[in-house]
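Notes to accompany the following structure.
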Amino acid sequence: MEHSITLVVNGTKVSRQVEPREHLIDFLREKIGLTGSHAGCEHGVCGACTLRVDGQIVRGCLMLAVQANGCRVDTVEGLSDSKEIAKLQKAFHEHNALQCGFCTPGMLLAAQDLILQSEKPTREEIRNHISGNYCRCTGYQAIVDAIEEVVNGSR
């Protein structure tokens, strides 16, 4: 039995029918066509499905779409379109902190969340904050460098 939900996705009101056990990440990717956030481990471990729901970072594979009813959901597409993460995107590019790109959307959302929470995080705080987002390509050094550059206002 499907349920009707209404939420605001990247500033646009969306109403759809969803299955009770449909995960938010699958809803966004399959029913809305927002494929920027990835479904990785589907157990909440890798961080590839990181989204922002009502201002809080969540794992889209652990949240059901029906739980997002009435919420505001921001995806990497919305944050990119609004230019909210433009400095991070540029720094990731310049530091080659994106390599295969699978983790990049979730990593950008986690980094932006840290920037919103802490004015000048240390390298250790950056590493701790992104520790729930796995990257198998970069070894994290370039990612931490890119985030540090943005928080310090370098260049």
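Of the residues making up region 55-109, those that are outside the structural domain of residue 16 (by TED's automatic domain parsing), hydrophobic (A, V, I, L, M, F, W, C) and in contact with a strand residue (DSSP E or B) (Cβ under 6 Å, 6 or more places away or on another chain) number 1. Being touching a His at 6+ places or on another chain (Cβ under 6 Å) and aliphatic (A, V, I, L, M) holds for only one residue in 114, 109, 98, and it is 114.
Close contacts from region 123-140, counting a first residue that is at positive phi and a second that is surrounded by 15 or more Cβ atoms within 10 Å (Cβ to Cβ) and part of a loop (DSSP other than H, G, I, E, B), with Cβ to Cβ under 9 Å and a gap of 6+ residues or different chains, come to 140/97; 140/130. Note on region 1-56: enclosed strands (runs of 3 or more DSSP E) holding 2 or more residues that are touching a residue at least 24 places away in the same chain (Cβ under 8 Å), under 18 Å from the mean Cα position of the chain (by Cα) and under 14 Å from residue 106 (Cβ atoms) are 50-53.
The values are calculated or read from the model by the stated rules, or taken from the named source; none is laboratory data. Not measured: the values here are computed from a predicted model. Here the Cβ is made from the backbone with ideal geometry for all residues, glycine too, and neighbour counts use every protein chain on show.
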